[in-house]
Each structure stands twice: as structure tokens, then as C-alpha cells.
Amino acid sequence: MGSIAFESRGEPMTRLHWAAVGLAGITAGVHLYLYSVQGFLPFLLAGLGFLGAVVLLVAGVNRRLLYAVGVPFTASQIAVWFVQGMPEFALGVADKTVQVALIGILVYLFVAERTAAKDVVEPEPAPTVVAR
């Protein structure tokens with residue numbers, strides 16, 4: 001299981017990865033701000049979730065797993081905001097715009113890295129020669 005957790009270690013971070021880090025940092029900041037103002041625990045948990053994902057990504061933990069978990073986690077933030085009646089409307093719209101962009105990047109990275117993984121071909125073993 002350890003090899004799965006650290007599968008991405010050593011792969012360089014691209015500009016798109018750093019864009020995702022920035023977007024996740026923005027939405028984390030919004031949620032932590034809302035927690036500090038309202039004291040609503042789910043804001044704290046969401047903010048820490050986004051920050052934790054940033055730390056794991058930079059640390060080299062399996063990126064495809066982070067993308068796969070990050071998309072529904074972020075989408076759930078948008079859904080909950082709508083269900084709650086879109087509170088803090090202006091800040092919410094700005095935050096949800098950031099989150100939609102983050103989802104787009106995560107989906108792109110997931111597909112791009114999946115395609116790249118399929119393109120990697122293992123070399124065929126050298127034929128063995130038996131002397132007679």
C-alpha cells in the first residue's frame with residue numbers, strides 16, 4: 001500500500017499543478033475566514049481539507065488519487081452552498097467560481113496523467129540464448 005500512497009513522488013509540479021494549489025489555497029482561505037467570523041465547524045473542516053490536499057500534493061502523494069477525491073469534495077462544497085440558500089452571496093459566488101476552476105483543472109490533470117500512464121510501455125525482456 002505504501003507504493004500506492006507515494007506513487008507520484010519525484011514527478012515535477014507543472015504550472016497547472018501550481019494553479020490548482022493557488023485555487024485550493026484561495027478557497028481554503030475563504031472557508032477559514034468564514035469559520036473565524038461565523039464559528040461554523042464545517043467551514044473549518046472544509047478549509048483544513050483544502051489545505052491538507054495542498055500539502056499532500058506538494059509532498060508527492062499519489063496525485064491521481066488526490067484528483068479523484070478532490071473533484072467530489074469540491075463539488076460537494078458547491079452543492080451544499082446551493083442547498084443552504086446561497087448564503088454570503090457575493091463571497092460565495094467568488095468562491096464557487098474558484099472551485100469550478102479547481103474542478104476543471106483536477107479533471108484535466110486526472111485525464112492527462114491517466115493517458116500518460118497508459119502511454120508508458122514496459123520494455124520487453126531480452127531473449128535468452130541457450131548454448132548447446
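Each value in this text was obtained by applying a stated rule to the coordinates, not by laboratory testing. Worth saying up front: this structure is predicted, and the values here are computed from it rather than measured. Don't worry about glycine lacking a Cβ; one is built from the backbone with ideal geometry, like all the others, and counts go over all protein chains shown.
Here are some notes:
- Taking the empirical scaling 2.2 N^0.38 Å for compact globular proteins as reference, the range 13-115 has a Cα radius of gyration ratio of 1.04.
- Each Lys or Arg adds one and each Asp or Glu takes one away; over the other residues whose Cβ falls under 14 Å from the Cβ of residue 71, this sums to +2.
- Of the trypsin sites (Lys or Arg not before Pro) in the range 8-115, those whose Cβ has at most 16 other Cβ within 10 Å and which sit in DSSP loop: 9
- Cα-centred dipole magnitude for the range 13-115, charges only on beta-carbon of K, R (+1) and D, E (-1), debye, nearest 20: 300 debye
- Cα shape, the range 31-85, gyration tensor, a/c 1.5 rule: oblate
- Note on 81, 18: ascending count of other Cβ atoms within 10 Å places them as 18, 81, the fewest first.
- Ordered by the number of other Cβ atoms lying within 10 Å of each residue's own Cβ, fewest first, 97, 128 fall into the sequence 128, 97.
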